[in-house]
Amino acid sequence: MNDVPPSAADAPQLRTLLLTDLCDSTALVERIGDAAAAELFRDHDRLVLQLQQQWRGRLIDRSDGLLLLFERPIDGLGFALDYAQGLRTLGERRGGLALRARQGLHVGEVLTWRNSDEAVQVGAKPLEVEGLAKPTAARLMSIARPGQLLLSAVAETLTHRAARGLGERGERLLWKSHGRWRFKGVPTPMEIYEVGEIGLTPLRAPRHSPKAWRDIPLWRRPAALVAELAVLAVLGVGIWFITRAQPAIAFAERDWVVVGDLRNMTDNATLDGALDQAFRISLEQSRYLNILSEERVIKSMTFMRKDPLKDPLDRKNASDVALRVGARAVLMPSVADVGGRTRFVVEIVDPGTQQTMAVSSAYGAGPAILGAVDKVTADLRGQLGEDADHIHESSPPLPEVTTASLDALRAYALGQRRYAAGDYVGAQGFYRKATELDPRFALAWLGQVRAYFADVDYARATSALKMVVGLDDRLPPREAMYVKSWAVQIQDPAAAADAWVQMAEIYPDYPPAQHNAAMDLFVANRFKEALPFARRATGDRFDLSAVFLDQYGRILLALGDYAAADRALAGAVAAGWNGALLRHAAAVAARHDFAGARKLLAQVDRTNFHADLTRIAVALDQGDLAYALERARHGMAASDQQQGVAKLNYYVPLATAYLAFDDKAAAARTAHEGAREAIRALAKEDPVDALDDATTALAAALVAVRAGDPAVAADILRALAAEPARPDTRLVRELTAVVEAEQQIARAQPTQGLARLAPFLDQTSRFQTRVTAMRAAMAARDEGAARAQANWIVQRRGMAYAEIQCGYCLQALNVLDMKAATKVAAALK
C-alpha cells in the first residue's frame, strides 16, 4: 500500500471539457436484454478508447455518459463528431438501434488533483476535476437534444476557425447559433452554438430546463409587456430597443458570406458584372463581415463537380458553397426595371434551409444605381448586426471609391474574374481598359499593380503603383492602406514588414496583407514571427491558396519542421502551383532524401528558369559536383533571355560550383563579373530590384574572397559603397560585415573578424553570418566558439535551403558550407 498523501490541487488550467450522455440507455437495456446490452457496451467502450487515443483525450469519469479533458478545442470537437458517427454505426450493426448522445463542449479553467492510491483502490477516480467550466459543460449537455452537440461561445470561436484542421470534413460541418441562454448559478448569459454533420445533427433549438433557459429580452415576455411599456413611456429609454434591427440570421463579427450571381432582369447588359462587382466592393468596406473570394467560389464549385463557367451561382449552388466552407449567409443580388425605375435587390439567404431571411432594395437610374447599391449594402450590414455608426464611418460612397462609369466598372469586373482564374495577362488588359475609360479609377490601377506583380513584371507594377498613390483618396479604406504599405515596400524595404504586420492585424481576414506580412518577415529571417501570418493566409476561403501554402511551406522548411513543410508544399503543388516543387524538393533534400528530391525536380516545368538553382544546391549537398557545375552553366546561359534582376541569378551559384571544384580563379572571375553587372543594374534599374542588386553584389564579393581573391572583394565593396542607390537595410549591412570579416580572416586577423560580426549574431542571423563566424573562430583557435557556430549551422539544414536573399543566389553556398560545418562539428565533439 502506498502511503503518499493525495496531491494538492494544481493551479487553474485552461482545458476543453466534453460531457456526453447516452440517450435512453436504461430503456435500451430493457428492450434488448442484459446480455446483448453488455456486448453493446463493450463495443461502446472500445470505441471510446480508440477515440481517446486518436484525439488525445483524457477520460475523467464515466457512467451512462463521459467526461473528457482535451488540451486543444479542435481535439474535443473531433472526438465528439467521431463519437456521434461511431454510435450511429454501432446501432446500425445491431439491427438499426437508434444510438444517440447529448454532448456539451466548453473551454474554461479547471482545477485538477490526484486522489491517493488508497482512495482509488476503493473506487475513487484517479483524477478529480472541478471548476465553473465543469457545470457549464454539464448544462450544455443537459439541454442538448438527442444527437446534438452544443458549444459555448468560446468553444465555438476556437473550434470554428480551427475546423480546417479536420480536412475536407471540416468544410462540411453545419454551424448554428441558438442565441443567448442563462444557466442557473452563472451570472452572465452565454451564446450557445450547435455544430454537426449533415444527417446527424438536428439543428433545432435546445430544450429549456429549470437550470437553463433562453435569455429572452424583457420586451418580448408577455407577462412583463405592460410593465415594460409603462417604463418606456415614463423613461423614454426603450426607443433604441424597439427600433433596432435584429440580425436576420445568426451572424457574428467577421463571419463569412457568399455572394451569388446577379440576376439581371433588365435590358441593360452593362449591368452584368458591373453591379455585382460594385456590390462586392461596397461590402468589402466592412470589417464586420468577410466575403468569400471569387477564386475560392470557383474552387468550391469544381470540388462539387460543377462547371463554374456554365453552372450559375444560384440560390442552391451558392448555399452549397456556403455550407462547404462554413459561411454563415448567402447574399443573392438582382436588378430589375419596375415602373420605369431600376431597382437593386439583395436577399439574405440561410444556406442551411435556402430560405430568405431578409430582403433589402433601393431604386436608382444610370450611374445613380451605385447609390442604390450603397443603400442596400448599409441596410444589409445592419440586418447582420453591424453597428450603424460604424457603417456610416467606414463606407464612402461607391462613386467616390470606384467610378461613375458603369462601363469602366464592368471592365474592372472582367479583370477581377480573370485574375481569380490565374489569367494575369488577360486581367491586365481589362484593368487597362477600365483606366482608359476612367483615368481616376484607382481600384483598376491597383488591379494592374497586383496583376503585374503576379506576372513578375516589377517595372510596370511600380509604374501603376505610382498612379494609385496619387489617387488614394479614391480608394476604400482597406485598399488605401494596402497601397500605402506597398509604397513603403518599394521606398523603404526595411520598414515594409512592420507596415504589413500593422495592416494584417487591422484586417486579419484580408489574405494579401497576411501574405505580404509573412513574406517580409520571412525575407528578414524572422521566421517564427512570420509563421502565424502565413498560417492564417492558408485558410481555404482565401485567394491564391496554392501560393500561400508554398509560402507557409518555405517558412516551415526554414524552421526545420520538415514533415509539416512537406505537407504544405505538396498541398501547394496539388493545388496547381508547379513552382512549389522547387521548395518541396528542397524540403526532401534537407532530410537527405536526394533521390526523392531529384524525382520532384524532374517534374518541374521545363520553362521554369529558376529550377536549376535548386538542382545545383541538391547536387552539391549530394556531392555530385559535376552535375552541379553543369546545371550552373546551363542556368547562366539561359540568363541572356531574362529581364531585370533574374539576369543576375546564376553568377553566384556558378562561382560557387567552381569553388566546389577548387577552381578558385574561375570562381573569383565569375563572381567579379556578376558583381559588376549587379552594381551596374543598381544604378539604373527600378528601386524595387535595388535590394536584390546590392545583395547579389555582396554575395559575389563573399565568394571572391573565399576563392582567395580579397582584392576583387575590396573592389566590389568600394564600388557598392559609392553607389547612391545602395539600400541601407539590415541585410545589406550584415552581408557587408560578412565580407569584411572574411577579409580579416584572409589577413590573419580572425579576432577582428569575429568582432565585426558580433552585432549580427542574434535570432535573425543570416546563414553566411554564422558560417563566417565559425571560420573566424577556427582561425582564432577558439574551439568553443567554433563548435557553437558549427552546431548552429548543422541544426539548420532547412534554413540553408530556404533563405531567399538575392533570389536564392546563396542557396548553393549555404549548402556547401553546411557540409563543411558538419565535418567541423564532428571533429570538435
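The values are calculated or read from the model by the stated rules, or taken from the named source; none is laboratory data. In this text the structure is predicted, and so the values were computed from the model without any measurement. Note that we place each Cβ from the backbone using ideal geometry, even for glycine, and neighbour counts take in every protein chain shown. Areas reflect the complete protein model, heavy atoms only, side chains present, ligands, DNA and RNA absent. Shrake-Rupley method; radii C 1.70, N 1.55, O 1.52, S 1.80 Å.
Placing +1 on the Cβ of each Lys and Arg and -1 on the Cβ of each Asp and Glu in the chain, which of Ala800, Ala746, Thr201 has its Cα farthest towards the positive end of the resulting dipole?
Thr201
With a sphere of radius 12 Å drawn around the Cβ of Glu194, what net charge do the other residues whose Cβ falls strictly inside it have (Lys, Arg +1; Asp, Glu -1)?
+1
Each label point is 7 Å from the Cα along the Cα-to-Cβ direction; what then is the distance between the points at Ala365 and Ala827, in nm?
8.9
If the reach is capped at under 17 angstrom between alpha carbons, list the lysines near Lys528, excluding any in the same chain fewer than eight residues apart.
none
Largest first, how would Glu128, Glu92 line up by accessible area (1.4 Å probe)?
Glu92, Glu128
Relative to the present Cα-Cα distance, how much length would full extension add between Val469 and Asp455 at 0.36 nm per residue of separation? Mind dumping the intermediate values first?
Values: separation 14, 0.36 × 14 = 5.04 nm, distance 2.08 nm.
Between Val469 and Asp455, full extension yields 3.0 nm more.
Just need the relative contact order of the stretch 558-657 here, percent rounded to a whole number, with Cα pairs under 8 Å and 6+ apart.
18
Efficiency by 1/(1 + (r/R0)^6): what FRET value for Ala205 and Val338, r their Cβ-Cβ distance, R0 = 45 Å, to the nearest 0.05? Could you put the intermediate results ahead of the total?
Working: r = 38 Å, r/R0 = 0.84.
Taking R0 as 45 Å, the efficiency between Ala205 and Val338 is 0.75.
Counting only residues 5 or more places away or on other chains, whose amide H sits under 5 Å from the amide H of Gly179 once H atoms are built in the peptide plane?
The answer is Ile192.
Checking the cross-link filter: which aspartates and glutamates have an alpha carbon closer than 20 Å to that of Lys211, excluding same-chain neighbours under 8 positions apart?
Correct list for Lys211: Asp21, Glu130, Glu191, Glu194.
Run the helix sum for the chain: -39,500 (n - 2.57) per DSSP H stretch of 4+ residues, divided by residue count, reported at 222 nm to the nearest 500 deg cm²/dmol.
For the chain, the value works out to -17500 deg cm²/dmol.
Ranked from highest to lowest mean number of other Cβ atoms within 10 Å per residue, what is the order of the peptides 284-291, 794-801?
Per-residue Cβ counts within 10 Å, averaged per peptide and sorted highest first, yield 794-801, 284-291.
Starting at the first residue of the stretch 814-829, write each ³J(HN,Hα) from the Karplus equation 6.51 cos²θ - 1.76 cosθ + 1.60 with θ = phi - 60°, in whole Hz, x for Gly and Pro.
After applying 6.51 cos²θ - 1.76 cosθ + 1.60, I find 4, 5, 4, 6, 4, 5, 5, 5, 4, 5, 5, 4, 5, 6, 9, 4 Hz.
About the Cα centre of the chain, how large is the charge dipole given +1 on each Lys and Arg Cβ and -1 on each Asp and Glu Cβ? Please answer in debye to the nearest 20.
980
Can you pull the percent of the chain's accessible area that's carbon plus sulfur, 1.4 Å probe, other chains left in place?
That share works out to 52 percent.
Starting from 0.36 nm per residue, how many nanometres of slack lie between Ile804 and Arg31 once their C-alpha separation is accounted for?
Length gained between Ile804 and Arg31: 271.4 nm.
Using the beta-carbon distance between Gln54 and Ile506 and R0 = 45 Å, what value does 1/(1 + (r/R0)^6) give for FRET efficiency, to the nearest 0.05?
According to the calculation, E is roughly 0.70.
Any idea what the relative contact order of the stretch 492-570 is, in percent, if you count C-alpha pairs under 8 Å spaced at least 6 apart?
Taking the mean separation of contacting Cα pairs over the length of the stretch 492-570, I get 21 percent.
Taking 60 Å as R0, compute the FRET efficiency from the Cβ-Cβ separation of Glu673 and Ala388 and round it to 0.05.
Here the calculated transfer efficiency is 0.35.
Residue farthest toward the positive end of the dipole of the chain, with Cβ of Lys/Arg at +1 and Asp/Glu at -1: which of Trp113, Phe303, His610?
Going by the charge dipole, the pick is Trp113.
First select every other residue whose beta carbon is under 9 angstrom from the beta carbon of Arg766; then total the charges, Lys and Arg +1, Asp and Glu -1. List each step's numbers first, then the result.
Details: positive: Arg770; negative: Glu734, Glu803.
Result for the neighbourhood of Arg766: -1.
Work out how much length Glu39 to Trp213 would gain on full extension: take 0.36 nm times their residue separation and subtract the Cα-Cα distance, in nm to one decimal.
Values: separation 174, 0.36 × 174 = 62.64 nm, distance 3.78 nm.
Full extension from Glu39 to Trp213 adds 58.9 nm.
Counting pairs of alpha carbon atoms under 8 Å apart in space and at least six apart in sequence, what relative contact order in percent does the chain give?
It comes to 6 percent, rounded to a whole number.
Dipole size in debye (nearest 20) for the stretch 597-689 around its Cα centre, Lys and Arg Cβ +1, Asp and Glu Cβ -1?
Dipole size: approximately 100 debye.
Lys684: which lysines have alpha carbons under 24 Å from its alpha carbon, excluding same-chain residues fewer than 8 sequence positions away?
Within the straight-line cut-off, Lys684 pairs with Lys466, Lys647.
Could you tally the net charge around His634, taking each other residue with its Cβ under 14 Å from the Cβ of His634, Lys/Arg +1 and Asp/Glu -1?
Net charge around His634: +1.
Give the accessible surface of the chain per residue, rounded to a whole number of Å², with probe radius 1.4 Å and ligands, DNA and RNA excluded.
Heavy-atom accessible area per residue stands at 43 Å².
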